[in-house]
1. Please arrange Ile413, Ile265 by counting, for each residue, the other beta carbons lying within 10 Å of its beta carbon, fewest first.
2. To the nearest 10 degrees, how steep is helix 317-333 against the longest Cα principal axis of the chain, on a 0 to 90 scale?
3. Sort 78-87, 283-292 for me by packing, meaning the mean count of neighbouring Cβ atoms within 10 Å per residue, highest on top.
4. How do Lys183, Lys357 line up, fewest other C-beta atoms within 10 Å first?
5. Which of the trypsin sites (Lys or Arg not before Pro) found in segment 380-446 are in a DSSP loop and have at most 14 neighbouring Cβ atoms, other than their own, within 10 Å?
6. Tilt of helix 14-28 relative to the longest C-alpha principal axis of the chain, in degrees (0 to 90, nearest 10)?
7. Got a sec? How would Met128, Met112, Met248, Met364 order by Cβ neighbour count within 10 Å, fewest to most?
8. Restricting to bridges with both residues inside segment 14-180, how much of the DSSP beta-bridge set is antiparallel, in percent to the nearest 5?
Amino acid sequence: MPAASGLTASAIAPEEFARRRRQLMQMAGEDAVLLVAAAPERMRNADAAWPYRQDSDFHYLGGFPEPDAVLALLPGRRHGETVLFCRERDPARERWHGRSIGTERAVAEYGMDDAFPIEDIDDILPGMVEGRSRVYCHFGREPEFDARLLGWMRRLRQLRGGGVVPKEFVALGYLLHDLRLYKSRAELKLMRSSAAIAAEAQLAALQVVAPGRHEYEVEAELLRVMRSRSAVPAFAPIVAGGANACVMHYQANRALLRDGELLLIDAGAEVDCYASDISRTYPIGGRYSREQRALYEVVLTAQRAAIDEVCPGRPFSAAHAAAVQVLSEGLCALGLLKGNADAAVAEGSYQRFFPAKTGHWLGMDVHDVGDYRIAGESRLLEPDMVLTVEPGLYVAPDDRSVAERWRGIGIRIEDDVLVTRDGNEVLTAAVPKEIDAIEALLAARG
């Protein structure tokens, strides 16, 4: 595959990548070395590769878009703290796969202090590691890289006079992932762009939602808009008609759309490795039935209550607690749960209809990194964190404990929410979610 051909430098400035590396090295200390490998190319089948996507941590620290690369951060090193090992320019290879970046451009354009051909890493890196007490890395993530890392340690021991081998391996995520949780202005600009493209894709997909069409036709419209805006899907879109919406991670996207049923679309765009994630639930025939409308209003009210909890100083778990309370009250009022809402929450009986959590961190990964709990307590929200808010109700088609008219209805409403200094900002507000607005949109189609 053309791993480098067509790939461009990150929209984030080299100075920001350098600032991230400095901050990480300060946290690690001068007696440590930090090693991050690029994502490997992955084969789809035979000799056909999947489209390449860089490892999120590797991208976060350098913006370098190619595979076959290792970033070494060496705090306090006199000859340069940031060293990249990458593919060297090779005209024969480039004829087939497109131009690669090479070591010279890695220094000149990507802000590396030094760069060496990846073929020389076994000879060079062990000497750079010698004398440092700790290695921060993602040991256990990629077996091939793990094997090379152990090989470097063996080579270090074999140096003349016996090299000083690091005494411990430390999980890199312990330091790095907390940095990624707080988004910079440049990152938020990319996330707003990603959200805008995902919103445009949802609205375009509505134009092909009609009885007799297929889920994959709606998916095709989502992908058309994303790719036409120079984005890629952040994950395989969920386009779930009827009872398929009750499958939380439905991905077949093959079924016929039927009048009287709902269509749940859960899709996000990715721009320069930054993701969005939007869910909406539409009536295929243009209008919600009485039961659909009743459940939808419960979910929408729950989402609004949850979003109100997204503000500085509130626990991450507060949004989920607020959503669960509203969902339980609605389920009890509609007769799908017996008893009262407080009992439904305490006993967990609401989980028959809402088995998920209400949100997750969002950033370079759709389910982004960052601890949800600190010292056993739910993490307090702070400005520049981004999370999703996505309550739902899912009534299984074979659930005979409820009246037949409720069965097979699945509803999810999801938005991306930025924590601001004085509250929050819904990044995905461009996609309507009120019932009247959605029905008006469907009625206005050509």
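1. Ile413, Ile265
2. Tilt of helix 317-333: around 20 degrees.
3. Highest to lowest by the protection proxy: 78-87, 283-292.
4. With the sparsest Cβ surroundings first, the list reads Lys357, Lys183.
5. Within segment 380-446, the qualifying trypsin sites (Lys or Arg not before Pro) (loop, at most 14 other Cβ atoms within 10 Å) are Arg400, Arg421, Arg445.
6. So the inclination is approximately 80 degrees.
7. Met248, Met128, Met364, Met112
8. Numbers: 10 of 21 bridges.
Bridges in segment 14-180 that DSSP calls antiparallel: roughly 50 percent.
Coordinate-derived values only; no laboratory data. Keep in mind it's a predicted model, so treat the numbers as computed, not measured. Don't worry about glycine lacking a Cβ; one is built from the backbone with ideal geometry, like all the others, and counts go over all protein chains shown.
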